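Engineer: I'd like to ask some things about the structure below.
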Amino acid sequence: MSESTTSPRAAQPGRARRRRRRPRNADPQASTRVDILKSAAAAFRRLGYHGATVEEIAAARHMKKGNLYYYFKNKEEILFACHQYSLDQLMKILHEVQQSGLGADEKLRRLVHAFVHTILDELHGTALFLELEALTPAHLKAVIVRRDEFDHGVRAVLEEGMASGDFARGDQKLLAFALLGAVNWIPRWFNPGGAASSHQIADLFTDFFIGGLRRGGRSG
C-alpha cells in the first residue's frame, strides 16, 4: 500500500469526532451540572415548575438555551435530576449512618441534620419537595423507590432505638411519617434571611424528636 492511500477509517473523520464527544450527563456531580440544578431549583421555588422556563434557568447561569441542552434534554429531566441529586445526598448519609456503629439516637440526629441541610441548603429549599406529578412515569417510579428506601432506613433506626430501650415503643412507620413530613414542610415557612439558620433548625428538630422518642421523655 502506498503512502498516499487513504484507509476507510481515515476517510470518515465525522465518525471519529462523534465517538470522541462526551456523552450528556456523564458525571452527575459535575460542577456545571450541579450549578444548573441549583439555578433550576431556585426558579422552580420562585415561579413553580410550570412557570419557570428553560430560558430563565439558562440565563441564571449566563448560558444560552442550547448550551443547557448539552447537559439536559428538557425541563422535566432537570426536575428529575434535582430529585436524584437530593436523594444522592440523603442516601450517602444513610449508608454512612447504617455502618457507623453509633447508637440509635445519634444515628437519627445525623439523618435529620442531613435531611434539613439537603432540603434547605443544597437546592434552595426545594429538595424532595418539587412537583412529583410533573415527572414522567418512569422518573416518578425511580424517585419513589429511592424515597421509600430512605424512609425505611429511618424506620429501621427507630426500631433499633426501641429494641435497645433508647426510644419508647411505638409505631415506627407513623413516627417516620411524622418526622419526615415535618422536615418536608420546612420550605413552606423557612426564610433564608430570617433569624434561624438551617443548622439551628436542624438542632431544634432533632432535639424535639429525640426528646419525644426517649423513654424518659414520656409523661405519666
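Engineer: Would you please name the residue that is least open to solvent (accessible area, probe 1.4 Å), looking only at residues in the range 78-103 that are assigned to a helix (DSSP H, G or I) and without any contact (Cβ under 8 Å) to a residue 40 or more places away in the chain?
Structural biologist: Only one residue fits best here, namely ILE93.
Engineer: Considering the range 138-170 alone, what residues qualify as being touching a helix residue (DSSP H, G or I) at 6+ places or on another chain (Cβ under 9 Å) and acidic (Asp, Glu)?
Structural biologist: GLU149, ASP151, GLU159, GLU160, ASP166
Engineer: Can I ask one more? Of everything in the range 200-216, what is touching a residue at least 40 places away in the same chain (Cβ under 8 Å) and surrounded by fewer than 15 Cβ atoms within 10 Å (Cβ to Cβ)? Give them in sequence order.
Structural biologist: ARG215, the sole residue that qualifies.
Engineer: Related question: What pairs can you find where one residue is in the range 166-194 and loosely packed, with under 15 Cβ neighbours inside 10 Å, the other is modelled with pLDDT of 85 or more and part of a loop (DSSP other than H, G, I, E, B), and their Cβ atoms are less than 7 Å apart, with a gap of 6+ or different chains?
Structural biologist: Listed pairs, sorted by first residue: none to list.
Engineer: Output the residue which, of all residues in the range 124-137 that are in contact with a helix residue (DSSP H, G or I) (Cβ under 9 Å, 6 or more places away or on another chain) and surrounded by fewer than 16 Cβ atoms within 10 Å (Cβ to Cβ), is modelled with the lowest pLDDT. Before the answer, list the steps.
Structural biologist: So the first thing to find is which residues in the range 124-137 are in contact with a helix residue (DSSP H, G or I) (Cβ under 9 Å, 6 or more places away or on another chain), and the list is 124-136.
Now drop any that are not surrounded by fewer than 16 Cβ atoms within 10 Å (Cβ to Cβ), which leaves 131-133, 136.
Details: GLU131: 75, LEU132: 83, GLU133: 85, THR136: 94.
Only one residue tops the list, namely GLU131.
Engineer: Further question on the same structure: Criterion first (touching a residue at least 60 places away in the same chain (Cβ under 8 Å) and surrounded by 15 or more Cβ atoms within 10 Å (Cβ to Cβ)) does VAL54 satisfy it?
Structural biologist: Here the answer is no, as VAL54 does not meet what is asked.
Engineer: Return the residues of the range 36-50 that are more than 18 Å from PRO192 (Cα to Cα) and open to solvent by 40 Å² or more (accessible area, probe 1.4 Å); say none if nothing qualifies.
Structural biologist: HIS50
Engineer: Grab the helices (runs of 4 or more DSSP H) fully contained in the range 157-220, keeping just those with 1 or more residues being basic (Lys, Arg).
Structural biologist: Values: elements: 172-184, 186-189, 198-213.
Result: 172-184, 186-189.
Engineer: VAL143 fails exactly one of the following numbered conditions: (1) touching a Lys or Arg at 6+ places or on another chain (Cβ under 9 Å); (2) within 24 Å of VAL34 (Cβ to Cβ); (3) open to solvent by less than 10 Å² (accessible area, probe 1.4 Å). What is the number of that condition?
Structural biologist: (1)
The values are calculated or read from the model by the stated rules, or taken from the named source; none is laboratory data. Note that the structure is predicted; figures quoted are calculated from it, not measured. Positions of Cβ are generated from backbone atoms using ideal geometry, with glycine treated the same way; all protein chains shown enter the neighbour counts. Each accessible area value is taken on the protein alone, full model and side chains, heavy atoms only, with ligands, DNA and RNA left out. Shrake-Rupley method; radii C 1.70, N 1.55, O 1.52, S 1.80 Å.
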